[in-house]
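Working notes for the structure below.
A short reminder: the numbers here are calculations on the coordinates, not readings from a lab. If you're wondering where the values come from, they're calculated on a predicted model, not measured in any experiment. Here the Cβ positions follow ideal geometry from the backbone for every residue, glycine too, while neighbour counts run over all protein chains shown.
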Amino acid sequence: MTDTTYQHILILFLGVCGLLLALTLFGAALRARYGRGQDNPVIETYMTRVHSWWTMVLLFVLALMLGRVGVVLLFAFASFSALREFLTLTYKRQADHIALALAFFAVLPLQYLFVGLGWQAVYTVFIPVYAFLLLPVVSALRGDASGFLVRVAETQWGLMITVFCASHVPALLNLGFPDYPADRGLLLIAFLVMVVQFGDLLDFYFGRRLGRTRIVPGLSPKTWEGASLGVASAALIGGALAWLTPFPVWGAMAMAAVASATGQAGNLVIAAIKRDRGVRDWSHLIPGQGGFVDQMDSVMFAAPVFYHLTALAWAS
């Protein structure tokens, strides 16, 4: 990693720490207004989430500092945890045990190995073609046809969303750009994660403050007003962070808007799955935040779209 890239990662880290510190002090001030013994559930939930953000930011920045290996390992771990959460809520039988073991301990690590090695021709088809064909055969050989199509489809969906899509975040390191050093792909990853997460946060804020028209009543509180302002805010943030990317300012704004819009669409899909399964969160692994799927849903949907648009429009 060059000194310039290292310095830019530190600048980002300090900037995000400054923001989190401000949010922490704001929560502490709200707590002080209620005094001891008068905890407000909303404030306590807010503080729990801020504390979780501190941990997640530290882990993400540490991975960036470690370079390619750190980022690949971080997202491989996140995919493993998200896949476990996803498949916990699906219908499975004993006949699926070998296929599930292959999904966790063969397909997932191989996908990230191919990404780490930069084998684009392999990691772009490995899960949607070869795993898609292999795992149903493994289950079929066990001879249990009860709910077979549902069982296979749910496993395929889990792999596609939590592993294949998520792996396109570290895969950004494999793209080359004119006048953009290879190690700065770490900054492009930071750009994607930040514009999607901030877009979600501002969609939530504006939706609660200004939202009037729900996009899908009965499924999600997400509103057209909040979503539109969230995408617009992500575009503005993307323009401000254009120095992290190989894009011009207008290009960074366009890519940020697309990533945010795609991520919000993914959020609706995951909300529909949770509603179907009758759960509020995928797990309680992250205090105040739910599980890995809850945290990564927008990024997982945005990553492959962002990756392919970047490869087609900007990569050399």
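With all projection directions averaged, the alpha carbon convex hull of region 2-148 covers 13.1 nm². Here the Gaussian network model covers the chain, with springs between Cα atoms less than 10 Å apart; of LEU87, LEU172, LEU192, LEU87 fluctuates the most.
The Cα atoms of the chain define a convex hull whose projected area, averaged across directions, is 17.5 nm².
Starting with the fewest neighbours, write out GLU85, GLU225, GLU44 ranked by other beta-carbon atoms found within 10 Å of each beta-carbon.
Fewest to most other Cβ atoms nearby, the residues stand as GLU44, GLU225, GLU85.
Taking other residues whose beta carbon is less than 15 angstrom from the beta carbon of GLY185, and scoring Lys, Arg as +1 and Asp, Glu as -1, yields 0. In order along region 86-92, phi translates into HN-Hα couplings of 4, 6, 4, 9, 10, 8, 9 Hz, rounded to whole numbers, per the Karplus curve 6.51 cos²θ - 1.76 cosθ + 1.60 with θ = phi - 60° and x for Gly and Pro. Taking Lys and Arg as +1 and Asp and Glu as -1, the other residues whose beta-carbon sits under 14 Å from that of GLY147 total +1.
Listed from fewest to most Cβ neighbours within 10 Å, the set TRP243, TRP314 follows the order TRP243, TRP314.
Along each principal axis, taking the top coordinate minus the bottom one, the Cα set of region 69-174 gives 43, 25, 17 Å in descending order. Specify the inter-centroid distance of region 110-188 and region 210-283, based on alpha-carbon positions, in whole Å. So the two Cα centres are separated by 23 Å.
Which residue, THR245, THR88, THR155, tops the fluctuation ranking in a GNM of the chain built on C-alpha contacts under 10 Å? Maximum fluctuation in the GNM of the chain, among the listed residues, is at THR88.
With +1 on each Lys and Arg Cβ and -1 on each Asp and Glu Cβ, how big is the dipole of the chain about its Cα centre, in debye rounded to the nearest 20?
720
Taking other C-beta atoms within 10 angstrom as a stand-in for reagent exposure, ILE237, ILE43 fall in the order ILE43, ILE237, fewest first. Over the chain, dividing the summed -39,500 (n - 2.57) contributions of all DSSP H runs of at least 4 residues by the number of residues returns a 222 nm mean residue ellipticity of -23000 deg cm²/dmol.
For region 151-247, the square roots a ≥ b ≥ c of the C-alpha gyration tensor eigenvalues yield an a/c of 1.5 or more together with a/b not exceeding b/c, which makes the shape oblate.
Exposed loop sites, defined as trypsin sites (Lys or Arg not before Pro) outside DSSP H, G, I, E and B with at most 11 other Cβ atoms within 10 Å, are absent from the longest region of the chain, namely 37-211.
For the residues GLY291, GLY226, GLY27, a GNM of the chain with alpha-carbon springs under 10 Å puts the largest fluctuation on GLY27.
How many Å³ per residue does the convex hull of the Cα positions in region 176-316 occupy?
About 108 Å³ per residue, rounded to a whole number.
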